[in-house]
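Here the structure comes first, spelled out in structure tokens, and everything after it is commentary.
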Amino acid sequence: MKLKRTAAAVVAAVMAFTAVATPLGDNIPALEGAFYAGAYYSVKDSFYPVTLTGDGAVDMVNVAVAQAGRKDDDDGWYPNREAWCADFVLDVARVAGQTGAVPDAPANAACGTFKNALLNAGAKEVETAQAGDLVFYCSTSDSTTYHVGIMKDSRYSVEGNALLNGVYQVVDNRDTMTYTTTKGLSIANGDIKRVFIRPNYVTSITHPDINIDYITKEQGAQWALDRVGQSIDVDGYYGAQCKDFVEKFTTENFGVSFPGNAIDLIYCAIPSGWQRIKNTPEFLPQPGDIALWAYGTYGHTGIIVSANLNTFVSVDQNWYNASSNGSPAAKVQHNYTTYNFWGVLRPPYSSNPQPNQETWKVNVSQGVNVRSGPGTNYGVVKAYPNGTTVTITEKTSSGGYTWGKCGDGWLVLDYCQYLSGSLQHTHSYGAWYDKTKPTCTSAGVQEQKCSCGATKTRETAALGHSWGGWATATKPTCTAQGVEQRTCSRCSKAETRYITALGHNYSSEWTIDKQATCSAEGSKSKHCTRCDAKTEVTVIPKTAHSYKTTVVAPTLTSQGYTVHECTVCHYSYKDSYTSQITLPAVTGVKVKTQGTTSLTLAWDKNASANGYVVEQYSGGKWTQITKTASNAVVSYTVSGLKADTLYTFRIKGYVVSGTTEYSSEYTRLAAKTRIAKVASFRATGTTTSAVELSWNKNDKATGYIIEIYRGGKWTAIATTKNNTTLRFTMKGLARNTTYSFRIKAFRTLNGTTEFSEYSSLKAATRK
């Protein structure tokens, strides 16, 4: 991708999702010291440097693993909160020289966008993971992608922000990833799946021999100056961009090619002997340094030819009239504070200058004339045909042409092709800059510097103090002096003088210091408008009571009354007493339903009660059998009783006042269950017109009543006079018909007849 000098808008959408993971059980060594001996180095301040092998997948893993437990603290998205998962992957790719295979999407895009950018860059989705693959954690129900890491092998991964603590962590991918921000989604529960993406890794940059003698830094600077006005397009895209100029410089003079844009020179791996130096207030670039700007999306770069502590001059392509089509190389003066100047990349310059000469070849079909001097006004001494190779020992400009001196004279180099070599330059001193700045009380030292490193110095006079205006340091009060100060704008020395105390300024209006009440006197005074001082303190008399009246209703335990309370001092008294409330006994208590083993009790509603308590006398004592929570419940069925038995019950109403329960007096009731039902009521024989019925004897019965259901009602068909008659035959019935019968026992005692409950059966006549 070619650099476009116009800055693109930065999209600041960072991965918001973080993951919780189980840390690797076995120890992953930090390996810090081992990596410093290698040829390739990381420049990120918080990254461990790692030796690159040239194998993209291996280099990605080695760089990632070396950062386990570390935290990236660069100036990326959310400063001081770095180590975002995708940002970590991008930083690893930059250090490993894999920005082509891992595109610049993580730092400003969501994980799903990053995954798509990888696939568009030639990456492939694979079923089984291997070292160097990227693992994405995705929803199994929709297209959401939550998190990303780098596979260390087929099982473990290295991830940024894996434990919500901002550090890089090695995690186990068998059962990890429970996401707190998605309410507990996890791999184990089937909410999240792993998707493995294999980038199309590229071979890292070449590693030239560092022992050869390269050009000097002065020759490097001169190389750049010699090409001012030229347009160099290395890759044939987007014209003469800044990175093209530097790429031409590094490949021609050092045999090194750096992939990517200008900004990647800040992050990519660099060969041994090269240095990356970050800008500081004290740092002074050298001629031949490659300037680096972290500007916009693509950055910027150029070759420095001179510098002082205030400004530096570099040769930059695509600076003036910058566009997507590029612009020619030009000398540009920069400062250190604009366009996010990062620092420099310093090649391994030689201390031994290369021969002070250049080799050129005549490159026009008609050849060139050799003249006695550098200009068309000089006579022709010789002619060189096309293809002639010449050695140039001196260059100058004249008449709009660049002239080179050879053994036979001077020729126009514009008609020739440069082949190799470099010429030394004469001193060209830059502007004076402060080596030691003068102060208010001491002289300074200024320096001029040539791109070759030569310097000149001179002394500058002390500046003297530059006082600012007087400013109040401590304001005066009514009783204390104030203080004024002024400060020198250069050295911060301060001078002090005093301001006279103001004195009191009492108001003509009264201020209520204490409000009078019905129980206490108040006070008033006149206050100073500036401080808490006061004068003419005066007493304010008490006020009358202001009563609030509250009626308290009577209860079951206490009288009602009226309370009169002062709203100011809370003095109070009571009057208008009323009698307390009583709870009447329950009325209308009766047996609603009588059964053989149960009795249903009923009573009238007590409007004053909260509910009722029903008790049964048994075993020589009263036992509570139910307590209702509402006065609307006015019946209760007692079950589990014995037949033909007399029972005694009592009932009371209750009401709750506060935490205390109060009851009415008891109302008693005696009730008897019915005699036992007839047992084993059965059909013992049938004919086409009759059914024989039989039953067991009830010892407590006087006799039995047998009934048949016919014509829509029950009709008595027999009544015995004793309890020993245990059989009855019903005749005159229809053939092949089913009939319903029932029987009940009765007992007559002292003129009163009691009945049992019915026993029933169905029987059919024969065909």
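The values are calculated or read from the model by the stated rules, or taken from the named source; none is laboratory data. Treat the numbers as computed from the prediction; the structure is a model and nothing was measured. Cβ placement follows ideal geometry from the backbone for every residue including glycine, while neighbour counts extend to all protein chains displayed.
Assorted remarks:
- Note on region 142-159: residues that are more than 22 Å from the chain's Cα centre (by Cα) and in a loop (DSSP other than H, G, I, E, B) total 4.
- Failed condition for V551, given (1) under 60 Å from the mean Cα position of the chain (by Cα); (2) over 21 Å from G658 (Cα atoms): (2)
- Hey, E692 in contact with a Lys or Arg (Cβ under 9 Å, 6 or more places away or on another chain), closer than 30 Å to L556 by Cα and acidic (D, E) or not: no
- The single condition among (1) modelled with pLDDT of 95 or more; (2) within 30 Å of Q580 (Cα to Cα); (3) surrounded by fewer than 16 Cβ atoms within 10 Å (Cβ to Cβ) that T660 does not satisfy is (1).
- Residues in region 337-353 that are in contact with a Phe, Trp or Tyr (Cβ under 8 Å, 6 or more places away or on another chain) and either surrounded by fewer than 18 Cβ atoms within 10 Å (Cβ to Cβ) or charged (D, E, K, R) (or both): Y339, N340, R346, P348, S350.
- Only residues that are assigned to a strand (DSSP E or B) and either β-branched (V, I, T) or loosely packed, with under 15 Cβ neighbours inside 10 Å (or both) were counted in region 587-601, giving 5.
- Restricting the search to strands (runs of 3 or more DSSP E) fully inside region 661-712 and requiring at least 3 residues that are closer than 27 Å to L646 by Cβ gives 667-672, 703-710.
- The single condition among (1) acidic (D, E); (2) farther than 30 Å from I625 by Cα; (3) modelled with pLDDT of 95 or more that E565 does not meet is (3).
- Count of region 529-549 residues, restricted to those that are of a type outside the set (A, V, I, L, M, F, W, C) and closer than 30 Å to Y571 by Cβ, is 9.
- Residue in region 551-567 that is in a strand (DSSP E or B) and small (G, A, S) present: yes
- Selected residue (only one of T582, T567 is in contact (Cβ under 8 Å) with a residue 24 or more places away in the chain and of a type outside the set (F, W, Y)): T582
- Answer residue from region 139-151, given it is in contact with a Gly (Cβ under 8 Å, 6 or more places away or on another chain) and over 16 Å from V102 (Cα atoms) and is modelled with the lowest pLDDT among those: S143
- Elements of type strands (runs of 3 or more DSSP E) contained in region 605-652, each with 3 or more residues being of a type in the set (K, R) and surrounded by 18 or more Cβ atoms within 10 Å (Cβ to Cβ): none
- Residue ID - surrounded by the most Cβ atoms within 10 Å (Cβ to Cβ), chosen from residues in region 294-304 that are modelled with pLDDT of 95 or more and hydrophobic (A, V, I, L, M, F, W, C): I303
- Residues located in region 540-573, provided they are in contact with a Phe, Trp or Tyr (Cβ under 6 Å, 6 or more places away or on another chain) and either in the same structural domain as S664 (by TED's automatic domain parsing) or under 29 Å from A609 (Cα atoms) (or both): V552, L556, Q559, Y561
- Out of C518, C531, sole residue that is modelled with pLDDT of 90 or more and out of contact with any Leu (no Cβ under 7 Å at 6 or more places or on another chain): C531
- First in region 77-97 and closer than 11 Å to V63 by Cα and of a type in the set (G, A, S), second anywhere and surrounded by fewer than 23 Cβ atoms within 10 Å (Cβ to Cβ) and modelled with pLDDT under 65, Cβ under 8 Å, 6 or more apart: A96/S204; G97/S204; G97/I205
- Here R530 fits the description: outside the structural domain of Y573 (by TED's automatic domain parsing), assigned to a loop (DSSP other than H, G, I, E, B), surrounded by 14 or more Cβ atoms within 10 Å (Cβ to Cβ) and within 51 Å of the chain's Cα centre (by Cα).
- Residue check, E125 modelled with pLDDT under 85, out of contact with any Leu (no Cβ under 6 Å at 6 or more places or on another chain) and not in a loop (DSSP other than H, G, I, E, B): no
- Considering the conditions (1) in a loop (DSSP other than H, G, I, E, B); (2) crowded, with 24+ Cβ neighbours inside 10 Å; (3) modelled with pLDDT of 90 or more, V246 is excluded by exactly one of them, (1).
- Here is the figure for region 663-674: residues that are within 17 Å of A602 (Cβ to Cβ) and surrounded by fewer than 15 Cβ atoms within 10 Å (Cβ to Cβ) total 2.
- Sole exception among (1) loosely packed, with under 11 Cβ neighbours inside 10 Å; (2) touching a Ser or Thr at 6+ places or on another chain (Cβ under 8 Å) for S579, by number: (2)
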